[in-house]
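The values are calculated or read from the model by the stated rules, or taken from the named source; none is laboratory data. Predicted model only: the values in this text are computed from it and were never measured. Cβ placement follows ideal geometry from the backbone for every residue including glycine, while neighbour counts extend to all protein chains displayed.
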């Protein structure tokens, strides 16, 4: 009989670890990544490659040489941030802009706050928003999908951008929609300008379902965002269909699916309790719609998530789950 | 139909009931037994024999040391060799044990050792309780609370819940007795039902034991007891936890800081029911119990369910079963979720011993903890609805007020939080001592409040007397 281990109970442990959870997120993002590369071509491949590589490398270098802390690359969280950041950028983004985004995401938003688990703001969104306000030229010039081997790139505005611009010029929503030839089928399957990751709602939803089935995340935050967006836009749209976009349009464009399924559900920057998560989702949905309808930016999902990220500590203090044997 | 289970939290570890088809074998007598004086919750028992005394099987060798305490009987016949502290499971030399050298197997008179089923239940409640007390029956589900105390609750019970959940992975002793001693268990339940004044009795068994559900249902039908039913429960840990089982069966919750009796429930394990049957119907004290030898690193042919005499050293059982497997990294007395890891086999079996579990290194070794990713899986798993991540943070900060406000004292130490943490943070290891500290503070405060109230009363009386 060799030496025996002695420890307090329990003596067995789940096979699920931080690394397996994060790896599941990467797997869930693969359909959307593949579709975006197929539609946008090699430019998108470069954006994804630079983003993931720089996030992982930065995490490794900063934890090792600057923080002199234990290496956390193996937990896959930097890879998740890199992939999410890439999917949040236009496929035409120059590599050095992508790299700056990675520096802000990993270096500023994540590691300055203490690394995985301590960051207040979602690193990928912080990186994207930094780029959006610093490099508006690159960030608002979207390339229409041309395919992996397509030749001529056509650049244009995103659907939400086109509508905002059209409304400023005095056109009505249905006019702009038909002038640009937008259809819901297009939005659902592919082929509409925007961040590379938003190219196909179906691909993103497939990843979301995978995360639900693997019990990586619960659906309450996502559903609460969708419900709020649908309700708020329904009210405005019914009041004035000429001025305001309809619920289906708002649910399918402007990073709504990517943000609500993968960014707002980030463990670290979302509330711990179900009730808190629902309030968090309502906040994101409401702020997004207010920005879209009345703000100067056409989208708003990123800002809404960042604003609600800041409220999470309060939501954690206010909302707790039901305790056994207590009111 | 939705599956019946408790409402809050819970986890689904693999049930690993490898030894479930091993029929109960009778373990032979060792040369020496060591019978602990602290085999039950409450005050240790006081020895009533002296070194050199001859004892018989079933003879009282120690009497209760307080209201919550129990009789202890000799499980063998022979000579008392010593009464001295001996290492318990934790390896601490604290508890006195009575050492008895085994000579033959001579039983006390009046104990019915035959297999004949006695179905006629005594009518008198007091007589039942007296027999249960005299025969040293304690709860065998884990807490070893003296059964006669639990069966005389302050307010009448609506439910007697028989716990056949056996929700701990690996353990199969309850399963085997439900298959092999079915009718005795059911009669035991009816006896307890009578002692409680005729409440409803529900026997809760998890769905991963369909044969047990079938056998127990058939026995209840055959014996024709009214107000008794078998309930199939979803497989979920910790279903066999008292508070969780009450919630699963009745939908009620035991209020924080209160007893099951406050929710109108009394929960007893199926093994306790068998002990009650033997005590009341056969006059046999609690001197035997069933124990599973199992583990992931033990081949199935070396796994056993043994009927053992209480006080048999663990080393004797391990050797009889073929020795400790090479691959064993941890030996556990009890289940993998709440059992105690033991450093060596010097300790002895007690009334509540239910298993000797060998786990290999891969299954049981703690991994290095990494940063909390705030996934909330610990809170999702906690069957008491607590927030282990928060309790851990408060415990590390030494914030006892915060711990109390967040109900650390409600923790049942089931291990769900530590089991489910993907970052391998030893949540329960940190919360357990914090809970003990907070409960100490609460007790001290209650004692101080009581003393202050008494002093105020005395002062008021003194003043009254002066005024007269």
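Figures for the structure shown
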| item | result |
| --- | --- |
| Given (1) farther than 21 Å from residue B:315 by Cβ; (2) modelled with pLDDT of 95 or more, index of the condition residue B:40 fails | (2) |
| Number of the condition not met by residue B:73 [criteria: (1) surrounded by 20 or more Cβ atoms within 10 Å (Cβ to Cβ); (2) at pLDDT below 95; (3) touching a strand residue (DSSP E or B) at 6+ places or on another chain (Cβ under 7 Å)] | (2) |
| Within the stretch B:316-351, considering residues that are in contact with a strand residue (DSSP E or B) (Cβ under 7 Å, 6 or more places away or on another chain) and away from every other protein chain (no Cβ under 11 Å), the one surrounded by the fewest Cβ atoms within 10 Å (Cβ to Cβ) | B:346 |
| Residue in the stretch B:352-364 that is farthest from the other protein chains (Cβ to nearest Cβ), counting only those that are without any contact (Cβ under 8 Å) to a residue 40 or more places away in the chain and surrounded by fewer than 22 Cβ atoms within 10 Å (Cβ to Cβ) | B:362 |
| Subset tally (residues that are surrounded by fewer than 17 Cβ atoms within 10 Å (Cβ to Cβ) and in contact with a helix residue (DSSP H, G or I) (Cβ under 7 Å, 6 or more places away or on another chain)) for the stretch B:233-256 | 2 |
| Filter result for residue B:301 (free of Cβ contacts under 8 Å to residues at least 12 places away in the same chain, more than 14 Å from chain A (Cβ to nearest Cβ), out of contact with any helix residue (DSSP H, G or I) (no Cβ under 7 Å at 6 or more places or on another chain) and more than 26 Å from residue B:419 (Cα to Cα)) | yes |
| Meets criteria (within 8 Å of chain A (Cβ to nearest Cβ), modelled with pLDDT of 90 or more and crowded, with 23+ Cβ neighbours inside 10 Å) for residue B:382 | no |
| Cross-chain or 6+ apart pairs with Cβ under 8 Å, the stretch A:243-262 first and surrounded by fewer than 24 Cβ atoms within 10 Å (Cβ to Cβ), then assigned to a loop (DSSP other than H, G, I, E, B) and modelled with pLDDT under 85 | A:243/A:172; A:249/A:182 |
| Test result for residue A:5, facing another protein chain (nearest Cβ under 7 Å), touching a residue at least 24 places away in the same chain (Cβ under 8 Å) and under 26 Å from residue B:428 (Cβ atoms) | no |
| Residue A:166 assigned to a helix (DSSP H, G or I) and at pLDDT 75 or above | yes |
| Wholly enclosed strands (runs of 3 or more DSSP E) of the stretch B:30-88 bearing at least 1 residues closer than 15 Å to residue B:144 by Cα | B:32-36 |
| Residue count, the stretch A:196-239 (criterion: under 24 Å from residue A:18 (Cα atoms) and free of Cβ contacts under 8 Å to residues at least 60 places away in the same chain) | 9 |
| Residue match in the stretch A:56-68 (condition: within 14 Å of chain B (Cβ to nearest Cβ), surrounded by fewer than 23 Cβ atoms within 10 Å (Cβ to Cβ) and in contact with a helix residue (DSSP H, G or I) (Cβ under 8 Å, 6 or more places away or on another chain)) | yes |
| Residue list for the stretch B:224-247, filter: assigned to a loop (DSSP other than H, G, I, E, B), in contact with a strand residue (DSSP E or B) (Cβ under 6 Å, 6 or more places away or on another chain) and over 20 Å from residue B:272 (Cα atoms) | B:235 |
| Out of B:436, B:444, B:455, B:449, sole residue that is in a helix (DSSP H, G or I), more than 14 Å from chain A (Cβ to nearest Cβ) and within 28 Å of the chain's Cα centre (by Cα) | B:444 |
| Qualifying residue in the stretch B:281-296 (condition: part of a loop (DSSP other than H, G, I, E, B), farther than 27 Å from residue B:187 by Cβ and touching a strand residue (DSSP E or B) at 6+ places or on another chain (Cβ under 6 Å)) | yes |
| Restricting the stretch A:8-43 to residues that are away from every other protein chain (no Cβ under 14 Å) and within 30 Å of residue B:421 (Cα to Cα), the residue that is surrounded by the most Cβ atoms within 10 Å (Cβ to Cβ) | A:32 |
| Of residues in the stretch B:410-433 being part of a loop (DSSP other than H, G, I, E, B) and closer than 24 Å to residue B:253 by Cα, the one farthest from the other protein chains (Cβ to nearest Cβ) | B:411 |
| Helices (runs of 4 or more DSSP H) contained entirely in the stretch B:305-407, each with at least 2 residues that are under 25 Å from the mean Cα position of the chain (by Cα) | B:314-320, B:361-364, B:377-381 |
| Within the stretch A:193-272, helices (runs of 4 or more DSSP H) holding 1 or more residues that are over 22 Å from residue A:159 (Cβ atoms) | A:201-213, A:220-239 |
| Some residue of the stretch A:44-53 being within 22 Å of residue A:268 (Cβ to Cβ) and either crowded, with 24+ Cβ neighbours inside 10 Å or within 14 Å of another protein chain (Cβ to nearest Cβ) (or both) | yes |
| Test: residue in the stretch B:365-376 that is facing chain A (nearest Cβ under 7 Å), in contact with a strand residue (DSSP E or B) (Cβ under 9 Å, 6 or more places away or on another chain) and either in contact (Cβ under 8 Å) with a residue 60 or more places away in the chain or surrounded by 22 or more Cβ atoms within 10 Å (Cβ to Cβ) (or both) | no |
| Flag if residue B:139 is touching a residue at least 12 places away in the same chain (Cβ under 8 Å) and in contact with a helix residue (DSSP H, G or I) (Cβ under 9 Å, 6 or more places away or on another chain) | yes |
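Condition check ((1) surrounded by 24 or more Cβ atoms within 10 Å (Cβ to Cβ); (2) at pLDDT below 95; (3) in a helix (DSSP H, G or I)) across all residues:
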site: B:154; (1), (2), (3): no, yes, no
site: B:174; (1), (2), (3): yes, no, yes
site: B:178; (1), (2), (3): yes, no, yes
site: B:186; (1), (2), (3): yes, no, yes
site: B:189; (1), (2), (3): yes, no, yes
site: B:194; (1), (2), (3): no, yes, yes
site: B:203; (1), (2), (3): yes, no, no
site: B:214; (1), (2), (3): no, no, yes
